Amino acid sequence: MADEGLVSHRRDPIKSTVGNMAATRRRQYAVNVGKERREALIRTKRLCREGLGSEEDQDMNLDEKQLVLDSQTSQTVEELKSLILLQGKGSALKKVDVLRNLRRLLSRSEVPPVEAAVKAGVVPLLVQCLSFGSPEEQILEAAWCLTNIAAGEAEQTKALLPALPLLIAHLGEKSSIPVAEQSAWALGNVAGEGEEMRNILLAQGVLPPLARMMLSDKGSTARTAAWALSNLIKGPDPKAANQLIKIEGALDAVVRHLGEADEELATEVAWVVVYLSALSNTASDLLVKRECVQLLVQRLAASSSLQLLIPVLRSLGNLIAGDSRVTSDILVPGQCITDSIILALTKCLKSEHRVLKKESAWVLSNVAAGSLAHKQLVYSSSATQVLLRLLSTAPFDIKKEVAYAIGNLCVAPTEGGRPPGVILEHLSSFVRNGCLSGFISMVKSPDIEAARLGLQFLELVMRGLPNGEGVKLVEEEDGIDAMERFQFHENEELRLMANGLVDKYFGEDYGLEDTLP
């Protein structure tokens, strides 16, 4: 069924030969949020920074500090072992004190002593401390320790396997809100480790209770749940994304928080939308019907938060690329929302942030892949000059997305297997303003996708500009040399494409008309 697979990211005919590759690249980009971002976020929000060290610590070098920290951690785990079976109020208080000390130790350096704690046998002890009926503070501290351990290396995270059932159980109504939130953070860290751990969590039933937590009106609860859910559904298997949208109220919560929540919660919910829209056709369809596009455009126009704008741009781009109805039925030229999105995307193109430029260029390329009216709308906007400037000055990855946008603006919509038509006004203007050298540099690039796009654009220029003007311009910009680089290229498609263009436009008869009397 279509809704069980990855969405097909629609491309204009200029990109017809690279559509599948572009879609795969974008899906992988969407579903693989860097682990560094997630670990940084976890450490900022959940690694306690109390008791950062005594004056004696300040005189030690890093290796000495690590040895002392490892020793203190192992000793604290041994203290917990001696207390774990003791009963009574006094022992319960001592247990909480030891757990608190352990949690602080696990938070005291940029490289917490997680390995020392795991080797000392801390995980089974923490599992016992999570048992229902234990004092709430004890459960909270134990869950917090597990959160910090889960933020460690892969093998350290996998050591939490015995704790997962209880952590999932503590997401329910029988636990206090602080305990549920802390358990969700621990589980989110585990899910962030990779597909193997996500599958284990999903098999143990973590998705429904986390989804219910996201329904909460309490900001921190919904935020924590959304963050954990984004780690759980991010793929590449779309099964979890499709399961999430079937949970009663889950999609309603996503839309509500996206529209009404503060920026911190909206950021985490927007990441959920990124993965839903990248992995599930059904989810994309439902999000579009619930006016998610409008909400994303509003956020895009109103916010200056880099953390929020990145997932908003990716979500918007996924929905536009994945569902042609978005551009045909929602982003209608003349409507306020369409003008708003062009202005907002132009704002992001002008940003100093590299990632915003790249993401906004990608979204704009998909708007430009719409109808003739959409192409004219983008072309007549202030985005055009920004795109031209970025094509000549931006880093390569941004330049490639910009090239797609410009290419799409120059191609008339077509159906069937016919070659893409040329919008002569747009093409002439872009070439006149110096875009040709940027595309020729892409032909010379070792990046196969970029080289293909560059060749496609050269073909448009040589075929589309009248009276052989395009052929002469390509020659003047050393385009022949760029294409001849593919004469013996290992990629058959590019070799045939480049050789075919050289033969067609610069064959043995080329230039004869200039020399004949």
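In the set Val254, Val288, only one residue is part of a helix (DSSP H, G or I), surrounded by 24 or more Cβ atoms within 10 Å (Cβ to Cβ) and out of contact with any strand residue (DSSP E or B) (no Cβ under 7 Å at 6 or more places or on another chain); that residue is Val254. Scanning region 429-440 turns up no residue that is assigned to a loop (DSSP other than H, G, I, E, B), of a type in the set (A, V, I, L, M, F, W, C) and modelled with pLDDT under 95. When you check Arg452 against the structure, is it among the basic types (Lys, Arg), closer than 24 Å to Ala361 by Cβ and more than 32 Å from the chain's Cα centre (by Cα), yes or no? For Arg452, the condition - among the basic types (Lys, Arg), closer than 24 Å to Ala361 by Cβ and more than 32 Å from the chain's Cα centre (by Cα) - is not met. Among residues of region 259-285 being over 15 Å from the mean Cα position of the chain (by Cα) and acidic (Asp, Glu), the one that is most open to solvent (accessible area, probe 1.4 Å) is Glu260. The criterion of at least 3 residues that are farther than 30 Å from Trp271 by Cβ and modelled with pLDDT under 65 is met, among helices (runs of 4 or more DSSP H) falling completely within region 41-118, by 55-58. Residues that are in a loop (DSSP other than H, G, I, E, B), open to solvent by less than 50 Å² (accessible area, probe 1.4 Å) and of a type in the set (S, T, N, Q) within region 327-370 comprise just one, Ser351.
Selection within region 303-318: residues that are touching a residue at least 24 places away in the same chain (Cβ under 8 Å) and in a loop (DSSP other than H, G, I, E, B). The member of this set that is least open to solvent (accessible area, probe 1.4 Å) is Ser303. Would you please name the residue that is nearest to Leu473 (Cα to Cα), looking only at residues in region 441-462 that are assigned to a helix (DSSP H, G or I) and open to solvent by 30 Å² or more (accessible area, probe 1.4 Å)? Result: Glu459.
With respect to Glu136, is the statement that it is within 19 Å of Gly172 (Cβ to Cβ) and modelled with pLDDT of 90 or more true? Answer is yes for this residue.
Only one of the listed residues (Ile200, Ile149, Ile168, Ile177) is open to solvent by 10 Å² or more (accessible area, probe 1.4 Å), aliphatic (A, V, I, L, M) and more than 21 Å from Ala222 (Cα to Cα). That residue is Ile200. Say whether the condition of being of a type outside the set (D, E, K, R), open to solvent by 10 Å² or more (accessible area, probe 1.4 Å) and either at pLDDT 90 or above or not in a loop (DSSP other than H, G, I, E, B) (or both) is met by at least one residue in region 410-420. Within region 410-420, one or more residues are of a type outside the set (D, E, K, R), open to solvent by 10 Å² or more (accessible area, probe 1.4 Å) and either at pLDDT 90 or above or not in a loop (DSSP other than H, G, I, E, B) (or both).
The values are calculated or read from the model by the stated rules, or taken from the named source; none is laboratory data. What you are looking at is a predicted structure, and each value in this text was computed from that prediction instead of being measured. Neighbour counts are summed over all protein chains in view; Cβ atoms, including those assigned to glycine, are modelled from backbone coordinates with ideal geometry. Note: areas computed on protein heavy atoms with side chains; ligands, DNA, RNA excluded. Shrake-Rupley method; radii C 1.70, N 1.55, O 1.52, S 1.80 Å.
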